[in-house]
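What follows is a set of notes on a single structure, which appears directly below.
The values are calculated or read from the model by the stated rules, or taken from the named source; none is laboratory data. These numbers come from a predicted model, not from an experiment. When we count neighbours, we look across all protein chains shown, and the Cβ atoms used for this are built from the backbone with ideal geometry, even at glycine. Accessible surface areas use protein heavy atoms only, side chains included; no ligands, DNA or RNA. Shrake-Rupley method; radii C 1.70, N 1.55, O 1.52, S 1.80 Å.
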Amino acid sequence: MSAERLTIALQKGGRLGEQSLELVAAAGLRITKGANELLYRVENYPIDLLRVRDDDIPTFVADGVADIGIVGRNVLEEHPFDGPAPEVVMALGFGRCDLKIALPAGSDYAGPKSLEGQRIATSYPHLLGRYLRDYGIVAEIIEMRGAVEVAPRLKLAQAICDLVSTGATLEANGLQAVATVLRSEAVLIRAPRASPHAPLIESIIQRFKGVTASRGAKYVMMNAPRSALPQISRILPGAGAPTVTPLAGEGDRVAVHAVCQESVFWETLEELKRAGASAILVLPIEKMM
Ligand code: PRT
Ligand code: ZN
């Protein structure tokens, strides 16, 4: 970790690389891609982006090679640490997947006990081992680096434990998920010790929070009778107290402005209309703090 510049570790390529860079850019950090693929510079702050394999990110952050990092919760929790582990600052809302146990479709399964004495192939021996111990199950863990989904067909194992997002890979291999070992998404982690860049780190965390919170959030405006306000507050998803302004020359009617934390669907608009709202506008939010 350089004394002058803060270092953020990100996955180079892979499933998280692009969205990690997008988050950094959305937080107002201007990235200059130099000739060095490993290190991108941020031109408007003393920050470097260290682009590495995701498996290295937990160690880099734990050891202080990077101050903060973005990595899947699955990778972080699978990782062993000799000293203090990095701290999870926040979930980032992308890279969502579940670590699941799956069996050939049509297998008998009556809860975790059915796994007793079975061979289970996985790239996550630590997380699977913890899960089995929690349920008091003794099973054999077959560690594989990749292509775990072919293990049952090759008779290497009876079950697998692997990441699932859409479920297409399981389906294509005639497998069916039966249990969830871990729910995962990309998380922001920080070094377990004090950093000289603490104020800059805090400001980046606040910006990441703003970007993450504003995703999917909408600004909703409408006109409505004052008497409909309680009903409108109930209909709007995740809106706090809306701002209410009287409309000049409109008697009882008011303008209502609210920030909705969730997506606003057509059904919601129809309900608002039935409650007496008119001129309803739904706008995207770019930034929030
Ligand atoms: O090269 P490097 O080591 O950096 O990358 P990698 O190959 O180890 O990881 P990469 O880029 O594949 O994944 C990075 C992170 O993305 C993972 O650690 C997870 O946190 C997250 N992620 C989200 C996923 C998936 N979704 C995912 N579906 N990682 C892997 N998969 C694989 C899964 O292993 C299975 O083979 O996709 C397949 C299943 O997908 P579905 O859609 O068919 O269910
Ligand atoms: Zn990896």
>> Residue under question is residue 95, and the condition is that it be surrounded by 13 or more Cβ atoms within 10 Å (Cβ to Cβ) and outside any loop (DSSP other than H, G, I, E, B); does it hold?
In response: no
> On the given criteria, is residue 216 on the phi > 0 side of the Ramachandran plot, of a type outside the set (S, T, N, Q) and open to solvent by less than 50 Å² (accessible area, probe 1.4 Å)?
Replying inline: yes
>> Between 17, 34, which is within 16 Å of ligand 2 (Cβ to nearest atom) and more than 23 Å from residue 195 (Cβ to Cβ)?
In response: 17
> Any idea how many residues of the stretch 252-289 are open to solvent by 90 Å² or more (accessible area, probe 1.4 Å), in contact with a helix residue (DSSP H, G or I) (Cβ under 7 Å, 6 or more places away or on another chain) and of a type in the set (A, V, I, L, M, F, W, C)?
Replying inline: 1
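Per-residue answers, yes or no, for (1) within 13 Å of ligand 1 (Cβ to nearest atom); (2) free of Cβ contacts under 8 Å to residues at least 12 places away in the same chain; (3) assigned by TED's automatic domain parsing to the domain that holds residue 202:
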site	(1), (2), (3)
12	yes, no, yes
17	yes, no, yes
22	no, yes, yes
26	no, no, yes
77	yes, no, yes
106	no, no, no
> Just checking, how many residues over the stretch 232-251 are surrounded by fewer than 16 Cβ atoms within 10 Å (Cβ to Cβ) and in a helix (DSSP H, G or I)?
Replying inline: 2
> Checking residue 88 against (1) touching a strand residue (DSSP E or B) at 6+ places or on another chain (Cβ under 6 Å); (2) part of a loop (DSSP other than H, G, I, E, B); (3) open to solvent by 50 Å² or more (accessible area, probe 1.4 Å), which single condition isn't satisfied?
Replying inline: (2)
>> Quick test for you: out of 72, 93, pick the one residue that is farther than 19 Å from residue 197 by Cα and either free of Cβ contacts under 8 Å to residues at least 24 places away in the same chain or within 16 Å of ligand 2 (Cβ to nearest atom) (or both).
In response: 72
>> Checking the conditions here, which among 215, 234 is touching a residue at least 60 places away in the same chain (Cβ under 8 Å) and under 28 Å from the mean Cα position of the chain (by Cα)?
In response: 215
> Which residues, taken from the stretch 38-49, are open to solvent by 20 Å² or more (accessible area, probe 1.4 Å) and touching a residue at least 24 places away in the same chain (Cβ under 8 Å)?
Replying inline: 38, 45, 46
> Does any residue of the stretch 54-65 turn out to be more than 16 Å from ligand 2 (Cβ to nearest atom), among the β-branched types (Val, Ile, Thr) and open to solvent by less than 20 Å² (accessible area, probe 1.4 Å)?
Replying inline: no
> From the list 150, 187, 181, which one is closer than 14 Å to residue 99 by Cα and either aliphatic (A, V, I, L, M) or surrounded by 15 or more Cβ atoms within 10 Å (Cβ to Cβ) (or both)?
Replying inline: 181
